[in-house]
Amino acid sequence: MAAIKILWVDDEIDLLKPHILFLTKKGYGVTTSQSGQDALNELKDTNFDIVFLDENMPGLSGLETLAALKQIDPSLPVVMITKSEEEYIMDEAIGSKIADYLIKPVNPNQILLSLKKSLDNSRLVSERTTANYQQEFRKIAMDLSMVNSPSEWAELYRKLIYWELQLQEIEDTGMFEILESQKVEANAQFSKFVEKNYQDWFTDEDAPTLSHTLFKKNILPELKGSKTLLVVIDNLRYDQWLAFEDTISNFYKKKSETPYFSILPTATQYARNAIFSGLTPLEMERKHPDWWKNDTDEGGKNLFEADFLGAQLQRLDIDLQWDYHKISSQKQGKQLMQNFKAHKDNDLTVIVYNFVDMLSHSKTEMEVIKELASNDKAYRSLTVSWFKNSPLLDIIQQAQSMGMKLILTTDHGTINVKQPSKVIGDRETSLNLRYKTGKSLTYNEKEVLAAKDPKDIGLPNINVSSSFIFAKNDLFFAYPNNYNHYVSYYRNTYQHGGISLEEMIIPFVVMEAK
(Lines give C-alpha, C1' and ligand atoms only; values in the text may rest on other atoms or scores of the structure.)
Protein backbone atom coordinates (compact mmCIF):
# COMPACT_ATOMS: atom_id res chain seq x y z
CA MET A 1 0.00 0.00 0.00
CA ALA A 2 1.33 3.47 -0.92
CA ALA A 3 2.28 5.74 1.97
CA ILE A 4 -0.35 8.21 3.14
CA LYS A 5 0.62 11.71 1.93
CA ILE A 6 0.22 14.47 4.54
CA LEU A 7 0.52 18.21 3.88
CA TRP A 8 1.30 20.04 7.16
CA VAL A 9 0.86 23.82 7.01
CA ASP A 10 2.24 25.93 9.88
CA ASP A 11 4.27 29.15 9.94
CA GLU A 12 6.31 27.63 12.82
CA ILE A 13 6.83 24.30 11.10
CA ASP A 14 10.41 23.94 12.44
CA LEU A 15 8.98 23.51 15.95
CA LEU A 16 7.03 20.45 14.74
CA LYS A 17 10.04 18.36 13.62
CA PRO A 18 9.54 15.76 16.43
CA HIS A 19 5.93 15.22 15.28
CA ILE A 20 6.98 14.93 11.65
CA LEU A 21 9.73 12.44 12.52
CA PHE A 22 7.23 10.41 14.54
CA LEU A 23 4.84 10.22 11.57
CA THR A 24 7.66 9.38 9.14
CA LYS A 25 8.70 6.44 11.33
CA LYS A 26 5.06 5.29 11.26
CA GLY A 27 5.26 5.16 7.45
CA TYR A 28 3.50 8.40 6.57
CA GLY A 29 4.87 10.78 3.94
CA VAL A 30 4.88 14.38 5.24
CA THR A 31 5.29 17.51 3.11
CA THR A 32 5.54 20.84 4.95
CA SER A 33 4.50 24.40 4.08
CA GLN A 34 5.04 27.59 6.08
CA SER A 35 2.16 29.62 4.62
CA GLY A 36 -1.30 29.24 3.19
CA GLN A 37 -0.15 30.31 -0.28
CA ASP A 38 2.70 27.75 -0.30
CA ALA A 39 0.17 25.09 0.69
CA LEU A 40 -2.13 25.97 -2.21
CA ASN A 41 0.81 25.76 -4.62
CA GLU A 42 1.79 22.34 -3.23
CA LEU A 43 -1.78 21.13 -3.59
CA LYS A 44 -1.84 22.03 -7.29
CA ASP A 45 1.19 19.79 -7.93
CA THR A 46 0.52 16.85 -5.57
CA ASN A 47 -2.48 14.75 -4.55
CA PHE A 48 -2.46 14.68 -0.77
CA ASP A 49 -4.57 12.39 1.41
CA ILE A 50 -4.98 14.87 4.29
CA VAL A 51 -3.96 18.37 5.38
CA PHE A 52 -2.99 19.56 8.87
CA LEU A 53 -3.64 23.29 8.89
CA ASP A 54 -2.60 25.90 11.45
CA GLU A 55 -5.40 28.39 12.09
CA ASN A 56 -3.25 31.42 13.06
CA MET A 57 -0.78 32.28 10.24
CA PRO A 58 0.40 35.56 8.71
CA GLY A 59 -0.80 36.31 5.19
CA LEU A 60 -3.60 33.89 4.35
CA SER A 61 -5.19 32.84 7.64
CA GLY A 62 -6.04 29.23 8.36
CA LEU A 63 -9.75 29.80 7.66
CA GLU A 64 -8.95 31.60 4.38
CA THR A 65 -6.59 28.79 3.36
CA LEU A 66 -9.25 26.25 4.30
CA ALA A 67 -11.79 27.92 2.00
CA ALA A 68 -9.29 27.94 -0.88
CA LEU A 69 -8.31 24.29 -0.25
CA LYS A 70 -11.96 23.23 -0.37
CA GLN A 71 -12.38 25.00 -3.71
CA ILE A 72 -9.47 23.01 -5.17
CA ASP A 73 -10.56 19.65 -3.66
CA PRO A 74 -13.87 19.65 -1.71
CA SER A 75 -13.38 16.05 -0.54
CA LEU A 76 -9.86 16.53 0.89
CA PRO A 77 -9.88 15.97 4.69
CA VAL A 78 -8.52 18.96 6.62
CA VAL A 79 -7.59 18.91 10.31
CA MET A 80 -7.57 22.41 11.82
CA ILE A 81 -4.95 23.04 14.55
CA THR A 82 -5.17 26.19 16.66
CA LYS A 83 -4.07 27.82 19.89
CA SER A 84 -7.39 29.61 20.14
CA GLU A 85 -10.42 28.16 21.87
CA GLU A 86 -12.72 30.91 20.65
CA GLU A 87 -16.08 29.47 19.70
CA TYR A 88 -16.53 31.44 16.47
CA ILE A 89 -13.34 29.90 15.02
CA MET A 90 -14.58 26.41 15.86
CA ASP A 91 -17.97 27.23 14.34
CA GLU A 92 -16.45 28.51 11.11
CA ALA A 93 -14.07 25.59 10.80
CA ILE A 94 -16.73 22.98 11.50
CA GLY A 95 -19.12 24.80 9.15
CA SER A 96 -16.49 24.42 6.44
CA LYS A 97 -16.64 20.63 6.93
CA ILE A 98 -13.26 19.99 8.50
CA ALA A 99 -12.37 16.40 9.38
CA ASP A 100 -11.13 17.23 12.89
CA TYR A 101 -10.21 20.11 15.22
CA LEU A 102 -7.20 20.03 17.55
CA ILE A 103 -6.06 22.54 20.22
CA LYS A 104 -2.33 23.29 20.60
CA PRO A 105 -0.15 21.99 22.04
CA VAL A 106 -0.78 18.66 20.33
CA ASN A 107 1.15 15.48 21.05
CA PRO A 108 2.08 12.87 18.43
CA ASN A 109 -0.56 10.39 19.58
CA GLN A 110 -3.29 13.00 19.09
CA ILE A 111 -2.08 13.46 15.52
CA LEU A 112 -2.04 9.70 14.95
CA LEU A 113 -5.54 9.33 16.35
CA SER A 114 -6.81 12.14 14.11
CA LEU A 115 -5.23 10.45 11.08
CA LYS A 116 -6.88 7.15 11.88
CA LYS A 117 -10.22 8.86 12.53
CA SER A 118 -10.06 10.78 9.26
CA LEU A 119 -8.47 8.26 6.89
CA ASP A 120 -8.78 4.82 8.42
CA ASN A 121 -12.21 5.32 9.94
CA SER A 122 -14.17 3.20 7.46
CA ARG A 123 -11.81 0.21 7.75
CA LEU A 124 -11.72 0.36 11.55
CA VAL A 125 -15.50 0.78 11.78
CA SER A 126 -15.96 -2.09 9.31
CA GLU A 127 -13.73 -4.41 11.29
CA ARG A 128 -15.34 -3.51 14.63
CA THR A 129 -18.88 -3.72 13.23
CA THR A 130 -18.17 -7.13 11.73
CA ALA A 131 -16.66 -8.40 14.97
CA ASN A 132 -19.58 -7.05 17.02
CA TYR A 133 -22.16 -8.59 14.70
CA GLN A 134 -20.37 -11.95 14.79
CA GLN A 135 -20.79 -11.90 18.56
CA GLU A 136 -24.39 -10.74 18.31
CA PHE A 137 -25.20 -13.34 15.63
CA ARG A 138 -25.00 -16.16 18.17
CA LYS A 139 -27.19 -14.29 20.64
CA ILE A 140 -29.81 -13.55 17.98
CA ALA A 141 -29.78 -17.21 16.93
CA MET A 142 -30.42 -18.23 20.55
CA ASP A 143 -33.15 -15.60 20.94
CA LEU A 144 -34.86 -16.93 17.82
CA SER A 145 -35.28 -20.32 19.44
CA MET A 146 -36.76 -18.84 22.63
CA VAL A 147 -38.75 -15.70 21.70
CA ASN A 148 -42.37 -16.24 22.61
CA SER A 149 -44.22 -12.95 23.13
CA PRO A 150 -45.16 -9.94 20.98
CA SER A 151 -42.82 -7.65 22.93
CA GLU A 152 -39.91 -10.08 22.51
CA TRP A 153 -40.58 -10.26 18.77
CA ALA A 154 -40.67 -6.48 18.52
CA GLU A 155 -37.35 -6.25 20.37
CA LEU A 156 -35.76 -8.94 18.18
CA TYR A 157 -36.97 -7.24 15.00
CA ARG A 158 -35.56 -3.89 16.10
CA LYS A 159 -32.25 -5.64 16.84
CA LEU A 160 -32.18 -7.12 13.32
CA ILE A 161 -32.91 -3.69 11.83
CA TYR A 162 -30.15 -2.14 13.94
CA TRP A 163 -27.60 -4.56 12.52
CA GLU A 164 -28.96 -4.18 9.02
CA LEU A 165 -28.40 -0.42 9.23
CA GLN A 166 -24.93 -0.93 10.71
CA LEU A 167 -23.82 -3.51 8.14
CA GLN A 168 -25.11 -1.54 5.18
CA GLU A 169 -22.42 1.06 5.88
CA ILE A 170 -19.50 -1.37 5.52
CA GLU A 171 -18.16 -3.28 2.55
CA ASP A 172 -18.64 -6.80 3.92
CA THR A 173 -21.19 -8.53 1.74
CA GLY A 174 -20.56 -11.82 3.53
CA MET A 175 -21.78 -10.46 6.86
CA PHE A 176 -24.75 -8.82 5.18
CA GLU A 177 -25.73 -12.14 3.57
CA ILE A 178 -25.56 -13.83 6.98
CA LEU A 179 -27.88 -11.15 8.40
CA GLU A 180 -30.27 -11.63 5.47
CA SER A 181 -30.42 -15.34 6.22
CA GLN A 182 -31.20 -14.53 9.86
CA LYS A 183 -34.04 -12.27 8.75
CA VAL A 184 -35.45 -15.08 6.60
CA GLU A 185 -35.28 -17.48 9.54
CA ALA A 186 -36.81 -14.86 11.86
CA ASN A 187 -39.73 -14.33 9.49
CA ALA A 188 -40.33 -18.08 9.26
CA GLN A 189 -40.46 -18.31 13.06
CA PHE A 190 -42.56 -15.15 13.35
CA SER A 191 -45.14 -16.55 10.91
CA LYS A 192 -45.49 -19.64 13.10
CA PHE A 193 -45.88 -17.42 16.16
CA VAL A 194 -48.62 -15.33 14.50
CA GLU A 195 -50.40 -18.43 13.22
CA LYS A 196 -50.47 -19.86 16.75
CA ASN A 197 -51.40 -16.68 18.67
CA TYR A 198 -53.06 -14.10 16.42
CA GLN A 199 -56.68 -15.15 17.03
CA ASP A 200 -56.19 -14.89 20.81
CA TRP A 201 -55.09 -11.26 20.51
CA PHE A 202 -58.71 -10.24 19.92
CA THR A 203 -59.83 -11.54 23.34
CA ASP A 204 -56.66 -11.55 25.47
CA GLU A 205 -56.20 -8.66 27.90
CA ASP A 206 -52.42 -8.96 27.47
CA ALA A 207 -52.59 -8.68 23.69
CA PRO A 208 -50.20 -6.25 22.00
CA THR A 209 -51.48 -2.91 20.76
CA LEU A 210 -53.18 -3.54 17.41
CA SER A 211 -54.44 -1.16 14.73
CA HIS A 212 -57.93 -0.89 16.20
CA THR A 213 -56.69 -0.33 19.78
CA LEU A 214 -53.89 2.13 18.89
CA PHE A 215 -55.93 5.33 19.20
CA LYS A 216 -57.47 4.56 22.58
CA LYS A 217 -54.36 2.99 24.14
CA ASN A 218 -51.52 5.06 22.69
CA ILE A 219 -52.76 8.24 21.02
CA LEU A 220 -55.52 9.42 23.35
CA PRO A 221 -53.32 9.67 26.50
CA GLU A 222 -50.93 11.96 24.56
CA LEU A 223 -53.66 14.46 23.63
CA LYS A 224 -54.20 15.79 27.13
CA GLY A 225 -52.91 19.31 27.63
CA SER A 226 -51.04 19.81 24.36
CA LYS A 227 -51.72 20.75 20.76
CA THR A 228 -50.82 17.66 18.73
CA LEU A 229 -49.90 16.88 15.14
CA LEU A 230 -50.61 13.23 14.29
CA VAL A 231 -48.86 12.10 11.10
CA VAL A 232 -49.74 8.70 9.64
CA ILE A 233 -47.31 7.90 6.82
CA ASP A 234 -48.94 5.13 4.85
CA ASN A 235 -46.92 1.97 4.28
CA LEU A 236 -43.88 2.99 6.36
CA ARG A 237 -41.54 0.24 7.49
CA TYR A 238 -39.68 0.44 10.78
CA ASP A 239 -36.30 0.67 9.05
CA GLN A 240 -37.52 3.57 6.91
CA TRP A 241 -38.56 5.48 10.01
CA LEU A 242 -35.12 4.90 11.58
CA ALA A 243 -33.46 6.07 8.35
CA PHE A 244 -35.00 9.56 8.53
CA GLU A 245 -35.33 9.87 12.31
CA ASP A 246 -32.18 12.02 12.43
CA THR A 247 -33.79 14.57 10.12
CA ILE A 248 -36.77 15.02 12.43
CA SER A 249 -34.53 15.10 15.52
CA ASN A 250 -33.23 18.49 14.36
CA PHE A 251 -36.61 19.87 15.42
CA TYR A 252 -38.07 17.34 17.86
CA LYS A 253 -36.74 15.23 20.72
CA LYS A 254 -38.15 11.74 21.10
CA LYS A 255 -40.32 11.16 24.14
CA SER A 256 -41.15 7.52 23.40
CA GLU A 257 -40.96 4.94 20.63
CA THR A 258 -43.28 1.97 20.92
CA PRO A 259 -43.65 -0.74 18.27
CA TYR A 260 -47.20 -1.89 17.66
CA PHE A 261 -48.78 -4.56 15.45
CA SER A 262 -50.81 -4.07 12.30
CA ILE A 263 -53.89 -6.22 12.02
CA LEU A 264 -54.28 -8.70 9.15
CA PRO A 265 -54.56 -8.07 6.31
CA THR A 266 -51.66 -5.61 6.57
CA ALA A 267 -53.39 -3.44 3.99
CA THR A 268 -54.50 0.20 4.11
CA GLN A 269 -58.18 -0.52 3.70
CA TYR A 270 -58.16 -2.70 6.82
CA ALA A 271 -55.40 -1.36 9.05
CA ARG A 272 -55.79 2.39 8.58
CA ASN A 273 -59.56 2.36 8.81
CA ALA A 274 -59.10 0.36 12.02
CA ILE A 275 -56.82 3.06 13.48
CA PHE A 276 -59.30 5.85 12.87
CA SER A 277 -62.44 3.91 13.77
CA GLY A 278 -61.07 2.09 16.81
CA LEU A 279 -62.92 -0.95 15.48
CA THR A 280 -62.07 -4.22 13.79
CA PRO A 281 -63.12 -4.51 10.13
CA LEU A 282 -65.99 -6.77 11.21
CA GLU A 283 -67.20 -4.14 13.69
CA MET A 284 -66.86 -1.42 11.08
CA GLU A 285 -69.02 -3.36 8.66
CA ARG A 286 -71.68 -3.85 11.34
CA LYS A 287 -71.67 -0.37 12.91
CA HIS A 288 -70.97 1.73 9.81
CA PRO A 289 -72.11 -0.20 6.72
CA ASP A 290 -72.29 3.02 4.69
CA TRP A 291 -68.60 3.74 5.28
CA TRP A 292 -67.07 0.25 5.12
CA LYS A 293 -66.32 -1.41 1.78
CA ASN A 294 -65.15 -4.98 1.26
CA ASP A 295 -62.54 -5.95 -1.32
CA THR A 296 -65.10 -6.73 -4.00
CA ASP A 297 -67.15 -3.56 -3.50
CA GLU A 298 -66.86 -0.72 -6.01
CA GLY A 299 -65.28 2.61 -5.04
CA GLY A 300 -62.49 3.82 -2.79
CA LYS A 301 -61.87 1.84 0.36
CA ASN A 302 -60.52 4.68 2.54
CA LEU A 303 -62.90 7.54 1.85
CA PHE A 304 -64.38 7.83 5.35
CA GLU A 305 -61.39 7.97 7.69
CA ALA A 306 -62.39 11.39 9.04
CA ASP A 307 -65.92 10.10 9.63
CA PHE A 308 -64.55 7.05 11.43
CA LEU A 309 -62.37 9.26 13.63
CA GLY A 310 -65.27 11.57 14.46
CA ALA A 311 -67.43 8.58 15.41
CA GLN A 312 -64.66 7.16 17.62
CA LEU A 313 -64.16 10.46 19.44
CA GLN A 314 -67.90 10.69 20.00
CA ARG A 315 -68.04 7.10 21.24
CA LEU A 316 -65.18 7.82 23.68
CA ASP A 317 -66.91 11.05 24.74
CA ILE A 318 -63.86 13.13 23.81
CA ASP A 319 -64.43 16.80 23.04
CA LEU A 320 -61.61 18.09 20.83
CA GLN A 321 -61.14 20.71 18.16
CA TRP A 322 -59.63 18.66 15.36
CA ASP A 323 -59.31 18.31 11.62
CA TYR A 324 -58.09 15.73 9.14
CA HIS A 325 -56.06 15.98 5.92
CA LYS A 326 -55.19 13.29 3.42
CA ILE A 327 -52.21 14.09 1.19
CA SER A 328 -51.92 12.06 -2.00
CA SER A 329 -49.90 14.44 -4.18
CA GLN A 330 -47.12 17.02 -3.99
CA LYS A 331 -49.64 19.72 -4.83
CA GLN A 332 -51.87 18.82 -1.87
CA GLY A 333 -48.84 18.72 0.40
CA LYS A 334 -47.73 22.20 -0.64
CA GLN A 335 -51.23 23.60 -0.14
CA LEU A 336 -51.36 22.29 3.43
CA MET A 337 -47.80 23.52 4.05
CA GLN A 338 -48.72 27.05 2.95
CA ASN A 339 -51.87 27.11 5.11
CA PHE A 340 -50.69 25.08 8.09
CA LYS A 341 -50.59 28.00 10.54
CA ALA A 342 -54.37 28.24 10.17
CA HIS A 343 -54.56 25.02 12.24
CA LYS A 344 -52.61 26.35 15.24
CA ASP A 345 -55.67 26.41 17.50
CA ASN A 346 -56.60 22.75 16.90
CA ASP A 347 -56.19 20.31 19.75
CA LEU A 348 -55.48 17.62 17.16
CA THR A 349 -54.41 17.94 13.53
CA VAL A 350 -54.31 14.64 11.64
CA ILE A 351 -52.34 14.19 8.43
CA VAL A 352 -52.39 11.00 6.40
CA TYR A 353 -49.48 11.09 3.97
CA ASN A 354 -49.76 8.62 1.13
CA PHE A 355 -46.41 9.10 -0.59
CA VAL A 356 -44.65 5.96 0.64
CA ASP A 357 -47.64 3.88 -0.45
CA MET A 358 -47.53 5.44 -3.91
CA LEU A 359 -43.79 4.84 -4.06
CA SER A 360 -44.07 1.15 -3.21
CA HIS A 361 -46.87 0.55 -5.70
CA SER A 362 -45.21 2.54 -8.44
CA LYS A 363 -42.16 0.32 -7.96
CA THR A 364 -44.31 -2.48 -9.29
CA GLU A 365 -45.45 -0.47 -12.28
CA MET A 366 -42.44 1.65 -13.22
CA GLU A 367 -39.05 0.32 -14.30
CA VAL A 368 -37.32 3.50 -13.12
CA ILE A 369 -38.53 2.98 -9.55
CA LYS A 370 -37.57 -0.69 -9.77
CA GLU A 371 -34.04 0.42 -10.50
CA LEU A 372 -34.01 3.10 -7.79
CA ALA A 373 -35.43 0.77 -5.12
CA SER A 374 -33.89 -2.55 -6.09
CA ASN A 375 -33.33 -3.63 -2.47
CA ASP A 376 -34.10 -2.55 1.09
CA LYS A 377 -31.05 -0.28 1.36
CA ALA A 378 -32.02 1.57 -1.83
CA TYR A 379 -35.67 1.67 -0.71
CA ARG A 380 -34.65 3.34 2.56
CA SER A 381 -32.44 5.79 0.71
CA LEU A 382 -35.26 6.72 -1.65
CA THR A 383 -37.59 7.28 1.29
CA VAL A 384 -35.07 9.55 3.03
CA SER A 385 -34.54 11.56 -0.16
CA TRP A 386 -38.30 12.02 -0.52
CA PHE A 387 -38.77 13.00 3.13
CA LYS A 388 -35.98 15.59 3.15
CA ASN A 389 -37.51 17.30 0.13
CA SER A 390 -41.19 16.87 0.98
CA PRO A 391 -43.76 19.42 2.16
CA LEU A 392 -44.24 17.11 5.14
CA LEU A 393 -40.85 18.06 6.58
CA ASP A 394 -41.75 21.74 6.27
CA ILE A 395 -45.08 21.08 8.01
CA ILE A 396 -43.24 19.30 10.85
CA GLN A 397 -40.88 22.30 11.17
CA GLN A 398 -43.88 24.64 11.39
CA ALA A 399 -45.47 22.41 14.02
CA GLN A 400 -42.26 22.58 16.03
CA SER A 401 -42.21 26.39 15.87
CA MET A 402 -45.82 26.39 17.09
CA GLY A 403 -44.87 24.17 20.04
CA MET A 404 -47.01 21.24 18.91
CA LYS A 405 -46.40 17.70 20.07
CA LEU A 406 -45.65 15.33 17.16
CA ILE A 407 -46.96 11.78 16.92
CA LEU A 408 -45.66 9.84 13.94
CA THR A 409 -46.86 6.38 12.99
CA THR A 410 -48.08 4.24 10.12
CA ASP A 411 -50.74 1.67 9.32
CA HIS A 412 -48.53 -1.22 8.10
CA GLY A 413 -45.19 -1.96 6.51
CA THR A 414 -44.20 -3.72 3.33
CA ILE A 415 -41.89 -6.54 2.23
CA ASN A 416 -39.81 -7.24 -0.83
CA VAL A 417 -41.39 -10.40 -2.23
CA LYS A 418 -39.14 -13.05 -3.74
CA GLN A 419 -40.97 -16.36 -4.21
CA PRO A 420 -44.37 -17.17 -5.77
CA SER A 421 -47.05 -19.29 -4.14
CA LYS A 422 -49.71 -20.73 -6.45
CA VAL A 423 -53.33 -19.99 -5.63
CA ILE A 424 -56.58 -20.68 -7.47
CA GLY A 425 -59.83 -18.77 -6.91
CA ASP A 426 -62.96 -17.66 -8.73
CA ARG A 427 -63.62 -14.28 -10.37
CA GLU A 428 -64.69 -12.76 -7.05
CA THR A 429 -61.33 -13.46 -5.40
CA SER A 430 -59.52 -10.30 -4.25
CA LEU A 431 -56.49 -9.16 -6.24
CA ASN A 432 -53.92 -8.42 -3.52
CA LEU A 433 -50.64 -10.32 -3.86
CA ARG A 434 -50.12 -10.94 -0.13
CA TYR A 435 -53.63 -11.89 0.91
CA LYS A 436 -56.70 -13.28 -0.78
CA THR A 437 -60.32 -13.45 0.21
CA GLY A 438 -62.96 -15.40 -1.65
CA LYS A 439 -64.77 -18.71 -2.01
CA SER A 440 -63.19 -22.10 -2.73
CA LEU A 441 -59.59 -20.94 -2.60
CA THR A 442 -56.99 -23.58 -3.46
CA TYR A 443 -53.51 -23.00 -2.05
CA ASN A 444 -50.42 -24.55 -0.47
CA GLU A 445 -51.34 -24.89 3.21
CA LYS A 446 -47.70 -24.69 4.35
CA GLU A 447 -47.24 -21.28 2.74
CA VAL A 448 -50.25 -19.43 4.14
CA LEU A 449 -52.18 -18.67 7.28
CA ALA A 450 -55.79 -19.53 6.48
CA ALA A 451 -58.75 -17.94 8.27
CA LYS A 452 -61.62 -20.23 7.30
CA ASP A 453 -63.96 -18.32 9.60
CA PRO A 454 -62.85 -14.67 9.24
CA LYS A 455 -65.02 -13.57 12.17
CA ASP A 456 -62.53 -15.25 14.53
CA ILE A 457 -59.96 -12.58 13.66
CA GLY A 458 -62.29 -9.60 13.35
CA LEU A 459 -62.84 -9.77 9.58
CA PRO A 460 -66.12 -9.72 7.67
CA ASN A 461 -67.34 -12.56 5.45
CA ILE A 462 -67.90 -11.25 1.94
CA ASN A 463 -69.94 -14.40 1.28
CA VAL A 464 -71.11 -17.14 3.61
CA SER A 465 -68.33 -19.48 2.49
CA SER A 466 -65.60 -16.85 2.07
CA SER A 467 -62.24 -17.27 3.75
CA PHE A 468 -58.99 -15.28 3.97
CA ILE A 469 -55.48 -16.51 3.32
CA PHE A 470 -52.31 -14.56 4.17
CA ALA A 471 -48.92 -15.14 2.57
CA LYS A 472 -46.05 -15.86 4.95
CA ASN A 473 -42.41 -14.79 4.75
CA ASP A 474 -41.51 -13.24 1.36
CA LEU A 475 -44.06 -15.14 -0.74
CA PHE A 476 -46.55 -13.60 -3.16
CA PHE A 477 -49.63 -15.21 -4.66
CA ALA A 478 -49.65 -16.07 -8.34
CA TYR A 479 -52.32 -17.67 -10.51
CA PRO A 480 -51.44 -20.64 -12.74
CA ASN A 481 -52.59 -18.73 -15.85
CA ASN A 482 -49.67 -16.92 -17.51
CA TYR A 483 -47.69 -17.93 -14.44
CA ASN A 484 -44.11 -17.25 -15.60
CA HIS A 485 -44.87 -13.75 -16.88
CA TYR A 486 -46.77 -12.89 -13.71
CA VAL A 487 -43.97 -14.17 -11.47
CA SER A 488 -41.29 -12.29 -13.40
CA TYR A 489 -43.34 -9.08 -13.28
CA TYR A 490 -43.95 -9.06 -9.51
CA ARG A 491 -40.83 -10.70 -8.11
CA ASN A 492 -38.63 -8.23 -6.18
CA THR A 493 -41.43 -5.72 -5.73
CA TYR A 494 -42.68 -4.30 -2.43
CA GLN A 495 -46.06 -5.68 -1.37
CA HIS A 496 -48.16 -5.81 1.77
CA GLY A 497 -51.15 -7.63 3.17
CA GLY A 498 -49.49 -10.71 4.59
CA ILE A 499 -47.48 -11.88 7.59
CA SER A 500 -43.92 -10.69 8.11
CA LEU A 501 -41.94 -8.70 10.63
CA GLU A 502 -41.64 -5.91 8.06
CA GLU A 503 -45.40 -5.63 7.51
CA MET A 504 -46.74 -6.21 11.01
CA ILE A 505 -44.29 -4.63 13.50
CA ILE A 506 -44.42 -0.89 12.96
CA PRO A 507 -43.40 2.30 14.80
CA PHE A 508 -45.43 4.57 17.03
CA VAL A 509 -43.32 7.59 18.00
CA VAL A 510 -44.14 10.52 20.29
CA MET A 511 -41.91 13.61 20.04
CA GLU A 512 -41.81 16.97 21.79
CA ALA A 513 -40.72 20.23 20.18
CA LYS A 514 -37.15 21.31 20.89
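The values are calculated or read from the model by the stated rules, or taken from the named source; none is laboratory data. As the structure is a computational prediction, the values presented were derived from the model and not from experiment. With ideal geometry, Cβ positions are generated from the backbone for all residues, glycine too; neighbour counts draw on all protein chains shown.
Key figures for this structure:
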item: Entirely in the stretch 207-299, the helices (runs of 4 or more DSSP H) that have 2 or more residues that are touching a His at 6+ places or on another chain (Cβ under 6 Å) and buried (at least 23 other Cβ atoms within 10 Å of the Cβ); result: 268-277
item: Odd one out for Ile396, checked against (1) in the same structural domain as Asp234 (by TED's automatic domain parsing); (2) modelled with pLDDT under 95; result: (2)
item: Every pair of residues 6+ apart whose Cβ atoms lie under 8 Å, when the first sits in the stretch 146-173 and is on the phi < 0 side of the Ramachandran plot while the second is of a type in the set (Lys, Arg); result: Leu160/Lys183; Glu164/Lys183; Gln168/Lys377
item: Residue that is nearest to the chain's Cα centre (by Cα), among those in the stretch 430-444 that are closer than 17 Å to His496 by Cα and surrounded by 14 or more Cβ atoms within 10 Å (Cβ to Cβ); result: Arg434
item: Residue within the stretch 139-154 that is modelled with pLDDT under 85, surrounded by 12 or more Cβ atoms within 10 Å (Cβ to Cβ) and assigned to a helix (DSSP H, G or I) present; result: no
item: Members of the stretch 306-353 found to be modelled with pLDDT of 95 or more, surrounded by 15 or more Cβ atoms within 10 Å (Cβ to Cβ) and of a type in the set (S, T, N, Q), listed by number; result: Gln312, Asn346, Thr349
item: Residue in the stretch 114-128 that is small (Gly, Ala, Ser), over 30 Å from Ala188 (Cβ atoms), modelled with pLDDT under 85 and part of a helix (DSSP H, G or I) present; result: yes
item: Inter-residue pairs, beta-carbon under 9 Å, first over 18 Å from Ile327 (Cβ atoms) and in the stretch 375-389, second of a type in the set (Ser, Thr, Tyr) and crowded, with 17+ Cβ neighbours inside 10 Å, 6+ apart; result: Tyr379/Ser360; Tyr379/Thr414; Tyr379/Tyr494
